[in-house]
Amino acid sequence: MFAITSIYAGVLGLFFVGLSYAITITRRKLAVSLGDGGDERLQRQVRAQANCAEYLPLGLILLALAEAQGAPAIAVHLLGLGLLAGRLLHAAAFLGAAMSLPLRIAGMVLTFLTIAATAAGLLLHGFF
């Protein structure tokens, strides 16, 4: 059950741990125990992780529901890949030497499209 969603949940879970670990390392280097200490790089790391925490749960829940409702495996994989790519692009935008607005936009658009497409598919399946 949820074999496909489990793949994306596992990969994205490890990705989230990586984002969290990067914050821990930077906080130790800067001797900052809470928040960002006014450091721009740490602030971007915190936001990259927080944004992931904001969107990832809903994306994975919708993906699991689509899989449970019998969506074709290829559709579940495409949606999972969209969510993964969106989160990776968004984080890359924040974690580079300077903020990359094109990557940030691409990551958010891909994340929003994936969530919207999955939600729409679930609604259509539920009503029809």
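Just a few scattered comments:
- Each other residue within a Cβ distance under 15 Å of Arg47 adds +1 if Lys or Arg and -1 if Asp or Glu, for a net charge of +1.
- Look at the dipole of segment 3-127 built from charges on Cβ: of Leu83, Gly38, Thr5, the Cα furthest out on the positive end belongs to Gly38.
- Taking θ as phi - 60° and the Karplus parameters 6.51, -1.76 and 1.60, the scalar couplings of segment 4-13 work out to 6, 4, 4, 4, 6, 5, x, 5, 5, x Hz in sequence order, x denoting glycine and proline.
- Dipole of segment 1-84, positive end: most advanced residue of Leu58, Tyr21, Gln69 [Cβ charges, Cα centre]: Tyr21
- Simple Cβ-charge dipole of segment 1-94, Lys/Arg +1 and Asp/Glu -1, about Cα centre, in debye nearest 20: 300 debye
- Sorted fewest first by neighbouring Cβ atoms within 10 angstrom, Arg28, Arg104, Arg47 come out as Arg28, Arg47, Arg104.
- Listed candidates (i) 16.3, 56; (ii) 18.5, 69; (iii) 14.3, 40 - label of the one calculated as Rg and Dmax of the Cα atoms in Å: (i)
- A simple rule links phi to the HN-Hα coupling: the Karplus curve 6.51 cos²θ - 1.76 cosθ + 1.60 with θ = phi - 60°, which for segment 81-86 gives 5, x, 5, 4, 4, x Hz, with x for Gly and Pro.
- Its relative contact order, with pairs defined as Cα atoms under 8 Å and 6+ residues apart, puts the chain at 27 percent.
Only the coordinates and a few stated rules stand behind these numbers; no lab work does. From a predicted model like this one, the values you see are computed outputs, not experimental measurements. Positions of Cβ are generated from backbone atoms using ideal geometry, with glycine treated the same way; all protein chains shown enter the neighbour counts.
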